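Student: Encoded as structure tokens, here's the structure I'll be asking about.
The values are calculated or read from the model by the stated rules, or taken from the named source; none is laboratory data. Bear in mind that the values here come from a model prediction, so they are computed numbers and not experimental data. Neighbour counts are summed over all protein chains in view; Cβ atoms, including those assigned to glycine, are modelled from backbone coordinates with ideal geometry. Just the protein is used for accessible areas: all its heavy atoms, side chains included, with ligands, DNA and RNA removed. Shrake-Rupley method; radii C 1.70, N 1.55, O 1.52, S 1.80 Å.
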Amino acid sequence: MPGVGKRFVYRGRIGKVWSGDMEDSLFTEFVRTLAAAGRINFSLTLAAFPLTLVFAAALAGLRSIPLKPLQIVVGVYIDAIRSTPLLLHLFFVFFGLPLWNIRFDAWTSAVVTMTLHFGAYQAEVYRSAVSSIPVSVREASTALGLRGISRFRRVTLPLAFRISVPPTSNNLIDVFRGTSVVALVAVQDIVFKGTIMLQTYKGDSPIIFMIIALFFIAVGYPMSMLTKVLERRFVVV
Amino acid sequence: MMALLAISFKDIDRWWSYAPTLWEGLQITLKVSICAMALGLAIGICVAILSQSKNRVIGALVHVYVQIGRVVPELVQVFIWYYVLPDYGVVLTPFMAGVVAIGVAFGPFVAEVFRAGIESVPRSQWEVASVFGYSRARTWYRVVLPQATRNVFPVLSGYVISIFKATSLLSFISLREVFAVARNEAALNFRYFELFTIVMLIYLALAIPTSVGLKQFSSRYFRW
């Protein structure tokens, strides 16, 4: 591994804080390498999650158009995606699509896959948010003379948004957890790096996997606590 | 596009030739899924019951297990059971590691679902049960858990499908389940699209009857 045992000189923003003849311990080297690989997980999440939201909005929008065949197609897509594994979709995009001359590099295909996969889940979130608005609200807004687009914009959307915040945040956690799977098509994320390091440092597998687990906990635990807060905050009815 | 849709008898013969190995893989997938479901359900129910305990240590432990288990990806947990435990002298077969990993990974989700279900059973049920002279264990078993199960059954059946899906990860610890078999076949003849489509249809063929069946079951069994 590059850098093991090199002299370590830290030049931070505050200037030279610490330098010395201290050899890097294997542990700090593991942490540094894995954390560097963890950036891939972040970049995947940051790229895929907004796309997921947009794609899901498009799906939900298509489904709300009163055109039966379209609704059936979108419904079948959502259900089919939701009942088959992310790993399979990833392999479809990474190994299957090149046969139709659609080629992405590993990172892009991971983003595309996660958008297609989690978009289906997020579309369900939107749908259930809209459908959980009580009928009486719709009737009341009709009585106030709101109709069509203006009712959607002023009544349905704000309410549905509030309802959909906690499950959306849950979905964000799922996207982040899902980034671990991309290791299996050789995107060099933290899990991939971990399995590679496993071959070199066979005896250190507990440390390597502890660092990987801690990485996911350090990011995921605050997110899941945030979801709990949001759940309490965004109680609508 | 039409060229892609054109199917010849040769294709059908080839698809048929996949059947024996895929069937073997499917059996392993089913076995792993069912064992993992049983384990996950057992862990989930126990943890949900423990979460109602007034003991703060138990409460903290449950919180740690549930919150950590929910954020560490299944794949990492699978690798931990398969690659890390041998360092401590515990060598699991891929099948065992898969069952334990998936079961433990889904325990927290099941526990959260059951906790919500248990909390949805009114306190008065406990009081009525004690009036009838039920012991605590009997109250759990005969009064609270059946009602909790009924309340959470739809959510729970969603996790059954998730466990089917999660078993696909076990192809990476050399368990020869259906996805691993398909990958092997595809590596031989490069017909990735075809094989992955077949596997996708197999997963759908597992998931759709399961969810329909569970819905039927709950409408029959939970009529009270």
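Student: Please identify the DSSP H helices in chain B that span no less than 18 Å along the helix axis (Cα) and have a mean Kyte-Doolittle hydropathy of 0.0 or more.
Tutor: Details: long enough: B:9-51 (58 Å, 0.93); B:56-71 (23 Å, 1.11); B:94-120 (39 Å, 1.30); B:145-166 (28 Å, 0.72); B:192-221 (42 Å, 0.99).
Helices meeting the criterion: B:9-51, B:56-71, B:94-120, B:145-166, B:192-221.
Student: With a 10 Å cut-off between alpha carbons and a GNM built on chain A, which of A:Ser132, A:Ser169, A:Ser43 moves the most?
Tutor: Result for chain A, Cα springs under 10 Å: A:Ser132 fluctuates most.
Student: Cα centroid distance between segment A:194-210 and segment B:111-138, in Å?
Tutor: 46
Student: Return the loop-located trypsin sites (Lys or Arg not before Pro) in segment B:160-224 (DSSP other than H, G, I, E, B) with at most 16 other Cβ atoms within 10 Å of their own Cβ; answer none if there are none.
Tutor: When the trypsin sites (Lys or Arg not before Pro) of segment B:160-224 are filtered for loop state and at most 16 Cβ neighbours within 10 Å, B:Arg223 remain.
Student: Taking a 1.4 Å probe, which of B:Trp81, A:Trp107, B:Trp126, B:Trp224 shows the most accessible area, and what order do the others take after it?
Tutor: Solvent-accessible surface, decreasing: B:Trp224, A:Trp107, B:Trp81, B:Trp126.
Student: Okay, next question. With the full set of protein chains in place, find how many percent of the accessible area of segment B:55-134 is carbon and sulfur; take the probe as 1.4 Å.
Tutor: 66
Student: Here's something else I'd like to know. How shielded is B:74-84 by partner chains, expressed as the average number of their Cβ atoms within 10 Å of its Cβ atoms? Provide the component values of the computation, followed by the final result.
Tutor: Values: counts 4, 11, 11, 3, 1, 11, 6, 1, 0, 8, 9.
Taking the mean over all residues of the peptide, I get 6.
Student: Show that you can apply the helix-only estimate: for chain B, add -39,500 (n - 2.57) for every DSSP H stretch of four or more residues, divide by all residues, and state [θ] at 222 nm to the nearest 500. Mind showing how you got there, number by number?
Tutor: Numbers: 9 runs with 169 residues, N = 224.
After summing the helix terms and dividing by residue count, I get -25500 deg cm²/dmol.
Student: A further question on this structure: Could you pull out every one of the aspartates and glutamates with an alpha carbon less than 19 Å from that of B:Lys10, ignoring same-chain neighbours closer than 8 positions?
Tutor: Straight-line reach from B:Lys10, under 19 Å: B:Glu185, B:Glu194.
Student: Okay, moving on. Tell me the per residue accessible area of the protein assembly as shown using a 1.4 Å probe; a whole number in Å² is fine.
Tutor: Per residue, the protein assembly as shown has 53 Å² of solvent-accessible surface.
Student: Can you show me the helix-derived [θ] at 222 nm for chain A, built from DSSP H runs with n ≥ 4 at -39,500 (n - 2.57) apiece and divided by the number of residues, rounded to the nearest 500.
Tutor: Calculated from helices alone, the mean residue ellipticity at 222 nm is -23000 deg cm²/dmol.
Student: Could I ask something else about it? For segment A:38-84, which trypsin sites (Lys or Arg not before Pro) are both in a DSSP coil and crowded by at most 11 other Cβ atoms within 10 Å?
Tutor: Listed in order of number, the matching sites amount to none.
Student: Rank B:Lys54, A:Lys228 by accessible area, highest first, at a 1.4 Å probe radius?
Tutor: Reading off the accessible areas and sorting them downward yields B:Lys54, A:Lys228.
Student: Here's something else I'd like to know. How high is the relative contact order of segment A:104-219? Use alpha-carbon pairs under 8 Å, at least six apart in sequence, and give a whole percent.
Tutor: Averaging sequence separation for qualifying contacts and normalising by length gives 26 percent for segment A:104-219.
Student: Which one, B:Gly44, B:Gly117, B:Gly133, has the greatest fluctuation when you compute a Gaussian network model over chain B with C-alpha springs under 10 angstrom?
Tutor: It is B:Gly133.
Student: Now for a different question. Averaged over its residues, how many other protein chain Cβ atoms are within 10 Å of peptide B:202-208's Cβ atoms?
Tutor: Partner Cβ neighbours, averaged per residue: 3.
Student: Which residue fluctuates most in the GNM of chain B (Cα springs below 10 Å): B:Phe106, B:Phe114, B:Phe153?
Tutor: B:Phe153
Student: Another one. To the nearest whole number, what is the average tally of beta carbon atoms from other chains within 10 Å of the beta carbons of peptide B:161-169?
Tutor: Whole-number average of other-chain Cβ neighbours for B:161-169 is 4.
Student: At a probe of 1.4 Å, how much accessible area disappears from chains B and A on forming the pair, both sides counted, to the nearest 100 Å²?
Tutor: In total, this chain pair buries about 3500 Å².
Student: Okay, next question. For chain B, what is the relative contact order in percent, using Cα pairs closer than 8 Å and at least 6 residues apart in sequence?
Tutor: Result for chain B is 26 percent.
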